[in-house]
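Each reported figure results from applying straightforward, stated rules to the coordinates on display, with no laboratory input. This is a predicted model, so every value here is computed, not measured. Using ideal geometry, Cβ is built from the backbone for each residue, glycine included, and neighbour counts are taken over all protein chains shown.
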Amino acid sequence: GRVTDTAGTDEEALLIPSIVLLKKAFPHAAIDILAEKRNSDVFAFCSDVSAVYHYEIPSELFKAIRQTYDVVIDSEQWHRLSAVVARMTRAPISIGFATNERKKLFTHLVSYSHNDYEMDSFMNLVELLIHNVTRERSMPFLTISPEVTDTVRPLLEPLMKRKIVALFPGSSIDERRWGNDRFHQAAKLLSDWGYGIAVVGGNEDIKAGQEIAAGISTALNLCGKLSLPETAAVLKESALLIAGDSGIMHVGYGLGIKIVALFGPGRELKWAPRSSQVAVINKNLSCSPCTKFGYTPKCPIDAECMKRITVDEVFAKARALMQK
């Protein structure tokens, strides 16, 4: 049999435990993924995925639609395109969230709550196929190939005599950014205490990485230099990650590393990793959280919720976690 999943935005890492459950229940099934190109690299961590197709590449989209699937599971929470694609596959079973008009396009519906951890929401989708889904979170749930680790170790050589702290300054929206200057100050404090600093991110974070690492001899700017699996290997070699509410935060959680997670516009109940290894800092302003179904309105007070998070408290949380 064949199962496909039409995946959503930054949270794909949280989908992987559900894919593992599906493969365990149906070991002979082929599991395909249809995702946006910018979000598909995370599936390299999951050997249970048979093929990955991309929405933006017409030939791949049409190939996915033309496949004969027994089941289609749509993990998107709000946008309608994936629900339309799920319908176009003509799969006898299609499962999706009953969040708006999209519910008319599925054969089986699952309710969606803003207060459920998103990993559990995804597990609700597969629960229709697997009875008694275990909610135990076996950690880590992301694995990195030894070859990828061997690739990044030489890059980290200058820091290898120190414990490494990874910093991810990026975000899909400006309102979730803590700010390069604050990250720089935190990096300086950590460096003064003997930690090595690895700043990670994509091409869009190169300038941020330069500003954060500037003048710190024990800081490396790796922004724009690594693939997602290579970035994950850097995280795995690190003692701790400091990041905002982001896909990289979820990857760090999946790797089982310690994290200081900075929350502002996003809903902590839904997105913050559930682990004693994770310290969440959230100022809980009266207007927070303001993000709903992946949409964050323009902030009239210039993301005050993130600005109120101080360098000192991030440093204190980081030190406390690493001393655990």
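Summarising the overall dimensions of the range 40-111 from its C-alpha atoms, the Rg and Dmax are 12.4, 34 angstrom.
In terms of other Cβ atoms within 10 Å, 114, 79, 250 run from fewest to most in the order 114, 79, 250.
Simple rule: put +1 on each Lys or Arg Cβ and -1 on each Asp or Glu Cβ in the chain, find the dipole, and look at 194, 219, 117; the Cα lying farthest toward the positive end is 117. Here the range 146-323 is treated as a sphere whose radius is the Kirkwood value from Cα pairs; by Stokes-Einstein at 4 °C and 1.567 mPa s it diffuses with a coefficient of 80 µm²/s.
Solvent-free Debye calculation, one equal scatterer per alpha-carbon of the range 220-270: log10 I(q)/I(0) at 0.19, 0.22, 0.29, 0.32 Å⁻¹ equals -0.64, -0.82, -1.21, -1.34. Helix 146-156 and the long axis of the chain differ in direction by around 20°, with both axes built from C-alpha atoms.
Its residue count N fixes a reference of 2.2 N^0.38 Å for the range 2-127, and the Cα radius of gyration divided by that reference is 0.94. Taking every alpha-carbon pair within the chain, the share separated by more than 39 Å comes to 14 percent. Counting neighbouring beta carbons within 10 Å and listing from fewest to most, the residues 62, 26, 183, 43 come out as 62, 26, 43, 183. Ellipticity at 222 nm from helices only: DSSP H runs of n ≥ 4 in the chain, each -39500 (n - 2.57), divided by the residue count, give -9500 deg cm²/dmol. Along the Cα-to-C-beta direction of residue 269, a point sits 7 Å from the Cα; which residues of the range 97-138 have their amide N less than 14 Å from that point? Once the point is set 7 Å along Cα→Cβ of residue 269, 112-118, 121 turn out to lie under 14 Å by backbone N, inside the range 97-138.
Helix 118-127 and the longest principal axis of the Cα set of the chain meet at an angle near 20°.
The mean sequence distance of close C-alpha pairs (under 8 Å, at least 6 residues apart), as a share of the length of the range 2-127, puts its relative contact order at 25 percent. Stretching residue 214 away from residue 108 to a fully extended chain increases their span by 32.8 nm, per 0.36 nm per residue minus the current alpha-carbon distance. Kindly provide the GluC sites (Glu not before Pro) of the range 224-324 that DSSP labels as loop, not H, G, I, E or B, and whose Cβ sees at most 14 other Cβ atoms within 10 Å. Of the GluC sites (Glu not before Pro), not one in the loops of the range 224-324 has a Cβ with at most 14 other Cβ atoms within 10 Å. From least to most packed, judged by other beta carbons within 10 angstrom and beginning with the fewest, 93, 16, 242 follow the order 93, 16, 242.
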